[in-house]
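Here's the structure, in structure tokens; my notes come after.
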């Protein structure tokens, strides 16, 4: 197995070679064909997260061992089946969700089509498979994460091991360069929007950031019937703002303005305080903006991990009746739902730029330097 790996944080990726793993039980070996690059891959490469107040959370504090092939937006083909994989596929997800928990139990009960050569999207946010969260179908909230591209080699490797066929989703005829993005940007956006919906189709929604996730959010909102006139996008880059308008946002505001001026522009565009804000950047200034434009009873969902902190009046929070939520990726059911929308041609694709797999390091640096609109996708 070949892999472009982080061998040392903040240093160029290196190609490493490891033996292909010997499959056990219900495991499935996927030969990676496409892997999109996410900002969280860049944070992993850098080696830390900004916690605000001068504090950092190091990647090593998560128990991560280097070298590690990053990449979690993965599509590929089934290369090999473990001894119990076919039976596991025929049986679906077994007891997942049997305790009545939310977030994917019903979907996990379905049989999965599985044969060598099948093209699949890989759900990467793997948990232990045994705890309450995992049994509810919420592997992404497991306290013992085994996520691909973080705790295990991800899509910058030629192959990844998936523990059970239920984590594989059929993209149908969807372009795999787009379908692979559903494994993070697609399911994360759906999960975040679910936290502010339902709203009336004409209720203004503010989306902070028009990168891969922000553009996907516009697409998902339009697929769910939200009015284009009620979607307000904010981004620093003019090319991203243009992409947001093309994707279906009625208004795209320059995020580089001073705080009070930008908040005033948002309120003007929305016709007043809003009931829903999703912040795909999530730094100190964007979080403050989100809270400033939030109306009574409104909800703001923080998605990005650019870092910082938010200081607010606790009394004002009560008077405002606001809700502030974090969104940590999404569950398997969300991946299946967003893929179904795409297969039904209800979901407009986000812009993608494909590059050869051996240009992995150059592609990651393009993301670091802000030279990507939408998603950049490695192709083998």
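What follows draws every value from the coordinates through simple rules; no lab data is involved. Predicted model only: the values in this text are computed from it and were never measured. Positions of Cβ are generated from backbone atoms using ideal geometry, with glycine treated the same way; all protein chains shown enter the neighbour counts.
For region 277-375, rounded, prolate or oblate, judged on the Cα gyration tensor with a ≥ b ≥ c (square roots of eigenvalues), a/c < 1.5 rounded, else prolate if a/b > b/c? Because a/c hits 1.5 or more and a/b fails to exceed b/c, region 277-375 counts as oblate. Separation of region 244-319 from region 113-182 is 32 Å, based on Cα centroids.
Each DSSP beta bridge with both residues in the chain is either parallel or antiparallel, and the antiparallel ones are about 55%.
Protection proxy ranking, highest mean first, for peptides 359-372, 212-225: 212-225, 359-372, where packing is the per-residue count of other beta-carbon atoms within 10 Å, averaged.
In terms of the mean number of neighbouring beta-carbon atoms within 10 Å, the peptides 302-309, 30-37, 80-87 order highest first as 30-37, 302-309, 80-87. Inter-label distance, residue 86 to residue 371: 4.9 nm, where each label sits 7 Å from its Cα along the C-beta direction. How far is helix 238-247 tilted, in degrees, relative to the longest principal axis of the Cα atoms in the chain, given as a value from 0 to 90 rounded to the nearest 10? Compared with the principal axis, the helix lies near 80 degrees. For the peptides 161-167, 252-258, the ranking by packing is 161-167, 252-258, with the highest mean count of neighbouring Cβ atoms within 10 Å listed first. Give the shape of region 340-380 as rounded, prolate or oblate, defined through the alpha-carbon gyration tensor: a ≥ b ≥ c are the square roots of its eigenvalues, a/c under 1.5 means rounded, and otherwise the shape is prolate if a/b is larger than b/c and oblate if not. It comes out oblate by the Cα gyration axes. Counting only Cα atoms, region 6-92 measures 51, 28, 22 Å along its principal axes, largest extent leading.
How much length is gained if the chain between residue 239 and residue 317 is pulled fully straight, taking 0.36 nm per residue apart and subtracting their Cα-Cα distance, in nm to one decimal?
Details: separation 78, 0.36 × 78 = 28.08 nm, distance 3.53 nm.
Answer, rounded to one decimal: 24.5 nm.
Computed over every Cα-Cα pair of the chain and binned at 20 Å starting from 0, the pair-distance distribution P(r) comes out as 29, 59, 12, 0 percent.
Just want the ordering: 43, 9, from fewest to most Cβ atoms lying within 10 Å of their own Cβ.
Numbers: 43 19, 9 14.
With the sparsest Cβ surroundings first, the list reads 9, 43.
How much mean residue ellipticity at 222 nm does the chain get from its helices, if each DSSP H run of length 4 or more adds -39500 (n - 2.57) and you divide by all residues, to the nearest 500 deg cm²/dmol? All intermediate terms of the calculation are to be shown ahead of the outcome.
Numbers: 13 runs with 109 residues, N = 380.
Helices in the chain give a 222 nm mean residue ellipticity of -8000 deg cm²/dmol.
Which shape class applies to region 186-326: rounded if a/c is under 1.5, otherwise prolate when a/b exceeds b/c and oblate if not, where a ≥ b ≥ c are the square roots of the Cα gyration tensor eigenvalues? Intermediate values should be presented prior to the final figure.
Working: a/c = 1.40, a/b = 1.24, b/c = 1.13.
The shape class here is rounded.
Modelled spin-label separation between residue 355 and residue 8, with each label point placed 7 Å from Cα along the Cα-to-Cβ direction: 2.2 nm. With each label modelled as a point 7 angstrom along the Cα→C-beta vector, the residue 65-residue 229 pair spans 5.9 nm.
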